[in-house]
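A.B. asks: Got a structure here, written out as structure tokens. Questions coming.
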Amino acid sequence: EAVMHHNGAALVIAGAGTGKTRTLVYRVSRLIEDGIQPESILLLTFTRKSAREMLRRASQLLDGRCDRVSGGTFHSFASNILRRYSELLGYQRTFNIIDQSDSEDAMNFVRNRFITEKSKKRFPTKENLVKMYSLSMNTVTSYEEYIQSNFQWYNEYLEEITTIFDFYKEYKLKYNLMDYDDLLLNLLKLMKEQPAATNDINQKYQFVMVDEYQDSNRLQHEIVLLLAGKNQNIMAVGDDSQSIYSFRGASYQNIMFFPESFENCKIYKIEENYRSTQPILNLTNKIINDAYFKYEKNLYSKKFDGEKPKLITATNEREQSLFVVQQILEHREEGIPLNEMAVLI
């Protein structure tokens with residue numbers, strides 16, 4: 001049903017090991033087979049590698065037309081769009097993209113203009129300034145609000161920090177620079193403030209799919225809402241139970257409230273697991289069901305038999321390590337080669 005979904009918004013809740021990637025690959029192929037122009041399909045992922053892999057598999061499934069699908073990360077997509085429209089935002093089309101190290105150097109250049117010798121020891125480092133700036137951008141939160149909520153120990157320097165951030169933005173604009181956060185921020189600004197450009201983007205990309213939606217942040221979510229356009233042919237795929245990147249600004253709320261952002265959003269649940277045995281999934285389902293915020297799901301497998309998972313409690317790391325070593329030795333005595341064992345930390 002998820003593969004055959006055509007018009008309107010859809011959310012695919014794909015449990016772990018249920019074939020999420022295959023679902024996206026088949027939907028891309030099916031849309032093209034039904035006559036949708038490949039160039040009008042946009043597949044957004046969180047790594048370039050995963051985008052290339054999906055389109056490669058789609059080409060193997062269908063044909064070379066799948067190579068013409070636009071696929072990539074949010075940042076690469078934003079970069080391509082801004083190369084065409086950056087002049088509307090005051091940038092030249094030849095703007096340079098600076099990496100983490102360059103961002104820290106630029107921030108440090110601005111920082112040194114505002115700190116005194118007296119405050120130097122306690123004032124946030126260039127690394128911390130870039131981190132605060134980046135997270136406030138990605139969570140679409142004002143500098144002041146974000147610092148007061150997450151970096152309270154810098155409240156005494158709040159005025160200086162916000163001034164530095166404002167000059168940092170001016171510095172980048174003056175020298176035609178964008179950091180990674182600017183790519184998303186400026187794409188959002190473009191689509192909010194330039195209706196003609198937004199209309200062109202929506203006309204070009206008629207079908208949008210977003211992978212790993214549980215890892216999206218507020219900034220990416222707002223971009224997705226605008227990319228959906230009037231036809232709302234948007235499909236988000238993810239698993240609320242696998243949201244672990246909040247330290248990067250990702251928010252599980254995006255996937256939880258995604259259906260409320262669109263009219264008549266359909267929800268598809270993919271629950272058959274192809275990796276694990278049922279005893280493992282029984283434990284998994286129990287953990288998931290105890291979550292306060294969740295989509296109801298019941299993972300199941302056709303691998304009915306298997307050893308039950310064990311939960312071992314240890315009072316300290318040494319005791320934990322000794323247990324692992326003892327298990328390895330016991331397995332070796334049972335004739336299991338060492339190279340067939342793995343320890344995940």
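The values are calculated or read from the model by the stated rules, or taken from the named source; none is laboratory data. Quick caveat, the model's predicted, so the values are computed rather than measured. Counting neighbours? That spans all protein chains shown, and the Cβs are built from the backbone with ideal geometry, glycine included. The protein model used for the area step is the full one, side chains on, heavy atoms only, and it has no ligands, DNA or RNA in it. Shrake-Rupley method; radii C 1.70, N 1.55, O 1.52, S 1.80 Å.
A.B. asks: Please find, within segment 229-254, the residue that is nearest to Glu296 (Cα to Cα) out of those that are under 11 Å from the mean Cα position of the chain (by Cα) and part of a helix (DSSP H, G or I).
C.D. replies: Asn254
A.B. asks: Then there is this: State all residues of segment 227-260 that are open to solvent by 50 Å² or more (accessible area, probe 1.4 Å) and either farther than 24 Å from Val130 by Cβ or modelled with pLDDT of 90 or more (or both); if no residue qualifies, say none. Explain how you work it out, then say what you get.
C.D. replies: The initial filter retains those residues of segment 227-260 that are open to solvent by 50 Å² or more (accessible area, probe 1.4 Å), namely 230-231, 241-242, 244-248, 252-253, 257, 260.
Those that are open to solvent by 50 Å² or more (accessible area, probe 1.4 Å) and either farther than 24 Å from Val130 by Cβ or modelled with pLDDT of 90 or more (or both): Lys230, Asn231, Ser241, Gln242, Tyr252, Gln253, Phe257, Glu260.
A.B. asks: Another question, if that's okay. Just name the residue that is most open to solvent (accessible area, probe 1.4 Å) out of those in segment 309-329 that are over 24 Å from Gln278 (Cβ atoms) and among the hydrophobic types (A, V, I, L, M, F, W, C). Even if it seems obvious, please write down each step before you answer.
C.D. replies: Of segment 309-329, the ones over 24 Å from Gln278 (Cβ atoms) are 313-326, 328-329.
In the following step, the residues that additionally are among the hydrophobic types (A, V, I, L, M, F, W, C) were identified as 314, 322-325, 328-329.
Working: Ala314: 49, Leu322: 96, Phe323: 80, Val324: 51, Val325: 76, Ile328: 53, Leu329: 71 Å².
That would be Leu322.
A.B. asks: Quick check: is even one residue across segment 53-76 in a helix (DSSP H, G or I), in contact (Cβ under 8 Å) with a residue 40 or more places away in the chain, over 30 Å from Ser301 (Cβ atoms) and in contact with a helix residue (DSSP H, G or I) (Cβ under 9 Å, 6 or more places away or on another chain)?
C.D. replies: Checked against the condition, which is being in a helix (DSSP H, G or I), in contact (Cβ under 8 Å) with a residue 40 or more places away in the chain, over 30 Å from Ser301 (Cβ atoms) and in contact with a helix residue (DSSP H, G or I) (Cβ under 9 Å, 6 or more places away or on another chain), segment 53-76 yields at least one hit.
Residues are listed down the side, and each one gets a yes or a no for (1) open to solvent by 60 Å² or more (accessible area, probe 1.4 Å); (2) within 22 Å of the chain's Cα centre (by Cα); (3) hydroxyl-bearing (Ser, Thr, Tyr):
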position: Ser103; (1), (2), (3): no, yes, yes
position: Ile115; (1), (2), (3): no, no, no
position: Gln152; (1), (2), (3): yes, no, no
position: Glu160; (1), (2), (3): yes, no, no
position: Leu177; (1), (2), (3): no, no, no
position: Leu190; (1), (2), (3): no, yes, no
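A.B. asks: Phe293 is checked against (1) modelled with pLDDT under 90; (2) more than 27 Å from the chain's Cα centre (by Cα); (3) not hydroxyl-bearing (Ser, Thr, Tyr) and fails just one. What number does that condition carry?
C.D. replies: Of (1) modelled with pLDDT under 90; (2) more than 27 Å from the chain's Cα centre (by Cα); (3) not hydroxyl-bearing (Ser, Thr, Tyr), only one is false for Phe293: (2).
A.B. asks: Also, quick follow-up: What do you reckon, is Tyr274 open to solvent by less than 10 Å² (accessible area, probe 1.4 Å), in contact with a Gly (Cβ under 8 Å, 6 or more places away or on another chain), hydroxyl-bearing (Ser, Thr, Tyr) and in contact (Cβ under 8 Å) with a residue 12 or more places away in the chain? Break it down stepwise before answering.
C.D. replies: On the way: open to solvent by less than 10 Å² (accessible area, probe 1.4 Å): no; in contact with a Gly (Cβ under 8 Å, 6 or more places away or on another chain): yes; hydroxyl-bearing (Ser, Thr, Tyr): yes; in contact (Cβ under 8 Å) with a residue 12 or more places away in the chain: yes.
No, not satisfied.
A.B. asks: Mind counting the residues in segment 330-345 that are surrounded by fewer than 10 Cβ atoms within 10 Å (Cβ to Cβ) and part of a helix (DSSP H, G or I)?
C.D. replies: 4
A.B. asks: For segment 81-99, state whether one or more residues are farther than 28 Å from Ala196 by Cβ and at pLDDT 90 or above.
C.D. replies: Scanning segment 81-99, I find at least one residue that is farther than 28 Å from Ala196 by Cβ and at pLDDT 90 or above, so the answer is yes.
A.B. asks: Looking at segment 38-50 only, could you name the residues that are free of Cβ contacts under 8 Å to residues at least 40 places away in the same chain and either assigned to a loop (DSSP other than H, G, I, E, B) or crowded, with 18+ Cβ neighbours inside 10 Å (or both)? Even if it seems obvious, please write down each step before you answer.
C.D. replies: The initial filter retains those residues of segment 38-50 that are free of Cβ contacts under 8 Å to residues at least 40 places away in the same chain, namely 38, 47-49.
Scanning segment 38-50 gives Pro38, Thr47.
A.B. asks: Now a separate question. Contact list please: Cβ distance under 7 Å, first residue in segment 286-300 and more than 23 Å from Glu260 (Cα to Cα), second residue outside any loop (DSSP other than H, G, I, E, B) and open to solvent by 90 Å² or more (accessible area, probe 1.4 Å), pairs at least six apart or on different chains.
C.D. replies: Final answer for the pair search is none.
A.B. asks: Counting only residues that are touching a Leu at 6+ places or on another chain (Cβ under 7 Å) and closer than 19 Å to Asn217 by Cβ, which one in segment 74-88 is most open to solvent (accessible area, probe 1.4 Å)?
C.D. replies: Here the answer is His75.
A.B. asks: Now a separate question. For segment 255-276, enumerate the residues that are out of contact with any helix residue (DSSP H, G or I) (no Cβ under 9 Å at 6 or more places or on another chain), within 17 Å of His5 (Cα to Cα) and not in a loop (DSSP other than H, G, I, E, B).
C.D. replies: Pro259, Lys269
A.B. asks: Give segment 87-112 a look and list any residue that's of a type outside the set (Val, Ile, Thr), part of a helix (DSSP H, G or I) and over 24 Å from Thr47 (Cα atoms), or say none.
C.D. replies: Glu87, Leu88, Leu89, Asp105, Ala106, Met107, Asn108, Phe109, Arg111 - these are the residues of segment 87-112 that are of a type outside the set (Val, Ile, Thr), part of a helix (DSSP H, G or I) and over 24 Å from Thr47 (Cα atoms).
A.B. asks: Specify which of the listed residues (Val3, Val28, Val12) is buried (at least 22 other Cβ atoms within 10 Å of the Cβ), touching a Lys or Arg at 6+ places or on another chain (Cβ under 8 Å), touching a residue at least 12 places away in the same chain (Cβ under 8 Å) and more than 19 Å from Ile201 (Cβ to Cβ).
C.D. replies: Just one listed residue meets the conditions, Val12.
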